[in-house]
1. Right, B:C43: crowded, with 16+ Cβ neighbours inside 10 Å and more than 10 Å from every other protein chain (Cβ to nearest Cβ) or not?
2. Run down B:K5, B:K65 and say which single residue is among the basic types (K, R) and either under 19 Å from A:M1 (Cβ atoms) or more than 11 Å from the chain's Cα centre (by Cα) (or both).
3. Which one is farthest from DNA strand D (Cβ to nearest atom) among residues in segment A:18-40 that are surrounded by fewer than 16 Cβ atoms within 10 Å (Cβ to Cβ) and not in a helix (DSSP H, G or I)?
4. Just to be sure, is B:K5 within 12 Å of DNA strand D (Cβ to nearest atom), basic (K, R) and either in contact with a helix residue (DSSP H, G or I) (Cβ under 8 Å, 6 or more places away or on another chain) or without any contact (Cβ under 8 Å) to a residue 24 or more places away in the chain (or both)?
5. Please specify each residue of segment B:73-87 satisfying the condition of being within 11 Å of DNA strand D (Cβ to nearest atom) and among the polar types (S, T, N, Q).
6. Being among the polar types (S, T, N, Q) and outside any helix (DSSP H, G or I), is that true of even one residue in segment B:1-17?
7. For A:I57, all conditions in the list (1) aliphatic (A, V, I, L, M); (2) modelled with pLDDT of 95 or more; (3) more than 8 Å from DNA strand D (Cβ to nearest atom) hold save one; what is the number of the exception?
8. Quick one: count up the residues across segment B:22-31 that are more than 7 Å from chain A (Cβ to nearest Cβ) and of a type outside the set (G, A, S).
There are 2 protein chains.
Amino acid sequence: MGITKSEFFTDKQNSIAQLTKAFGHPARIAIIEHLLKVDTCICGELVDELPLAQPTISQHLKELKNAGIIKGNITGNAICYCIDEKAIDKIQNYFSSISTRLNNKKNKCC
Amino acid sequence: MGITKSEFFTDKQNSIAQLTKAFGHPARIAIIEHLLKVDTCICGELVDELPLAQPTISQHLKELKNAGIIKGNITGNAICYCIDEKAIDKIQNYFSSISTRLNNKKNKCC
DNA sequence: TTTCTTTATCGTAATATTGCAATATACAAT
DNA sequence: ATTGTATATTGCAATATTACGATAAAGAAA
């Protein structure tokens, strides 16, 4: 099928899945890491940095934006994309809570 | 195309992308959360818990296993799947480092 | 041995994702 | 107004993912 049965899962589960899915491509990881490296980021830089064509990069930026991981400001005819800290906090808190819950488990079976 | 150009990215980028991608489906998030809730987990429980058919769940378990997020022990004719803490640590450390690097940025443009 | 239970695999259909060339858009510069 | 620069969108081909029915495999129970 290819379609995901989102309607059967909780909002939180869908929301975390959407966030992690958006991170689930090396190009998008590379974009995030480039955004961390520079203080101001424009798409044009990424075209030189990544081994992908400009439309492909634009598409990856769109997905990161849809997932709320980055946000973009139009400045003249360039665009300044930045990481949205809220998304990072959310995902970090989630994995941090998993880690805590794991450590609290008594009967580790494996 | 549908194929990912992994060969052009670093091992670490690919590795993080693989981990996050495996988390990027609500059913797999639900599986992880169920594994956290109970101390011992078998696939049969999941079939009752999740709104998906058994082959589909088996497939999701396989992907989590391939990504190193869970590991399975055969016990009789059942299988005990558990979360692999190393994977959680890895992903948690990654997002934690992103968070730190974000906070250290001076020129926030957005 | 036969049957039941549990999990995996195969095959297949439907949909999603990835990637890019071509093109559009929109502002800047001349 | 024309040209150049930066980014987005469209359209398409190739591949991946999701889901499930049917079936296989393998140990447990009878």
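1. yes
2. Exactly one of B:K5, B:K65 is among the basic types (K, R) and either under 19 Å from A:M1 (Cβ atoms) or more than 11 Å from the chain's Cα centre (by Cα) (or both), namely B:K5.
3. Per the stated criteria, the residue is A:D39.
4. So B:K5 fits the description; yes.
5. Once the filter is applied, which keeps residues that are within 11 Å of DNA strand D (Cβ to nearest atom) and among the polar types (S, T, N, Q), segment B:73-87 yields B:T75, B:N77.
6. Yes, because at least one residue in segment B:1-17 is among the polar types (S, T, N, Q) and outside any helix (DSSP H, G or I).
7. Answer for A:I57: the failing condition is (3).
8. 2
The values are calculated or read from the model by the stated rules, or taken from the named source; none is laboratory data. Because the structure is predicted, anything quoted here is derived from the model rather than measured. FYI the Cβ positions are ideal-geometry reconstructions off the backbone, even for glycines, and counts take in every protein chain you see.
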